[in-house]
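The values are calculated or read from the model by the stated rules, or taken from the named source; none is laboratory data. What you see is a predicted model; the values in this text were computed from it and never measured. Neighbour counts run over all protein chains shown; Cβ positions are idealised from the backbone, glycine included. Keep in mind that these areas ignore ligands, DNA and RNA; they rest on the heavy atoms of the full protein, side chains included. Shrake-Rupley method; radii C 1.70, N 1.55, O 1.52, S 1.80 Å.
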Amino acid sequence: MQLQDNAYELVLFDLDGTLVDTAPDMVAVLQGMQHDHGIEPVPYDLGRSHVSNGALGLLALGFPELAISFGDDLHQEYLERYADMICHESRLFAGLDELLDRLDQLDLPWGIVTNKPENLTHPLLEGLEIAARCACIVSGDTLSVRKPEPDPLLLGCDIAGVDAHRSIYVGDAARDIEAGLRAGMATIAAGYGYITEDDDPREWGADIIAVDTAELAQIVLKAVNLEPR
């Protein structure tokens with residue numbers, strides 16, 4: 001599988017597990033809640049693999065006996081705790097700062113489309129000092145629908161002023177690839193992301209899989225006709 005060379009003018013990224021390693025903060029919040037509720041905290045590596053499922057996915061892992069839904073007390077508690085430590089240990093994945101720098105140097109726009117709510121997305125990107133560099137930022141509550149619906153991706157393309165068929169979407173979950181394909185975009189599965197043991201990126205239907213961030217950079221730069229340094 002591969003992408004067409006020199007065919008794309010916009011790169012959009014999922015956030016958690018694709019562009020930014022948010023697991024240290026997100027899992028720490030879950031572990032702290034479990035501790036305070038008298039529950040043995042989940043191992044970090046197990047929690048890390050579930051981060052792409054968001055707060056509700058982490059809570060389902062950490063409190064399996066409870067049916068927690070959007071807006072419940074535990075959900076609100078998680079979001080409040082996470083907001084207080086939104087960017088303590090979260091960082092761009094290794095090597096992706098150089099990729100973003102390279103795209104910026106050649107005026108190749110890039111942006112974020114995430115299911116993370118806006119009140120958490122923007123503080124995170126500002127803490128990482130990349131918010132102002134994004135051609136678009138579409139969060140999970142920007143529209144009334146989220147991924148796997150294609151609408152947030154199409155909105156990102158519209159904001160950036162690039163046709164979806166000339167755009168790439170990178171994500172680490174099946175919902176990301178489904179949304180990208182439905183939007184008519186080229187898709188890259190981030191095989192290094194937050195992927196559970198029972199999930200397989202080879203089954204998502206992506207145009208190509210990047211096994212690590214170095215390979216992702218090579219794929220992206222070739223697809224937009226830029227040479228890696």
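Quick notes on this structure:
- Rounded to the nearest 20 debye, dipole of segment 1-104 from Cβ charges on Lys, Arg, Asp, Glu: 180 debye
- Gain in span if fully extended, His35 to Arg166, counting 0.36 nm per residue against the direct Cα distance: 42.4 nm
- Heavy-atom accessible area ranking, 1.4 Å probe, most first, across Lys222, Lys147: Lys222, Lys147
- Simple Cβ-charge dipole of the chain, Lys/Arg +1 and Asp/Glu -1, about Cα centre, in debye nearest 20: 500 debye
- Label point distance in nm, Arg91-His122, each placed 7 Å from Cα along Cα→Cβ: 2.8 nm
- Dipole of segment 127-229 [Lys/Arg +1, Asp/Glu -1 at C-beta], most positive-end residue of Asn225, Leu154, Tyr192: Asn225
- With 5 Å bins from 0: P(r) over segment 13-134, alpha-carbon pairs, percent: 2, 11, 21, 23, 17, 11, 7, 4, 2, 1, 0
- Calculated translational diffusion coefficient of segment 95-146 (20 °C, 1.002 mPa s; Stokes-Einstein with Kirkwood radius over alpha-carbon pairs) equals 184 µm²/s.
- Taken about its Cα centre, segment 107-229 carries a charge dipole of roughly 320 debye when the Cβ of each Lys and Arg holds +1 and the Cβ of each Asp and Glu holds -1.
- Dimensions of segment 1-48 along the principal axes, based on C-alpha atoms and rounded to the nearest Å, stand at 54, 20, 11, largest first.
- The Cα-based radius of gyration and maximum Cα-Cα distance (Dmax) for the chain are 17.1, 55 Å.
- Report summary: the helix-based calculation at 222 nm, which adds -39500 (n - 2.57) for every DSSP H run with n ≥ 4 and divides by the residues of the chain, gives -11500 deg cm²/dmol.
- Computed packing ranks the peptides 169-178, 122-131, 197-206 as 169-178, 122-131, 197-206, most packed first, by mean other Cβ atoms within 10 Å.
- Packing, as the average of other Cβ atoms within 10 Å across residues, places the peptides 77-89, 109-121 in the order 109-121, 77-89, highest first.
- Note that segment 167-212, at 4 °C in a medium of 1.567 mPa s, gets a Stokes-Einstein diffusion coefficient of 127 µm²/s from its Kirkwood radius over C-alpha pairs.
- Mean sequence separation of contacting Cα pairs (under 8 Å, at least six apart), scaled by the length of segment 91-229, corresponds to a relative contact order of 18 percent.
- Shape of segment 104-192, Cα gyration tensor, a/c cut at 1.5: rounded
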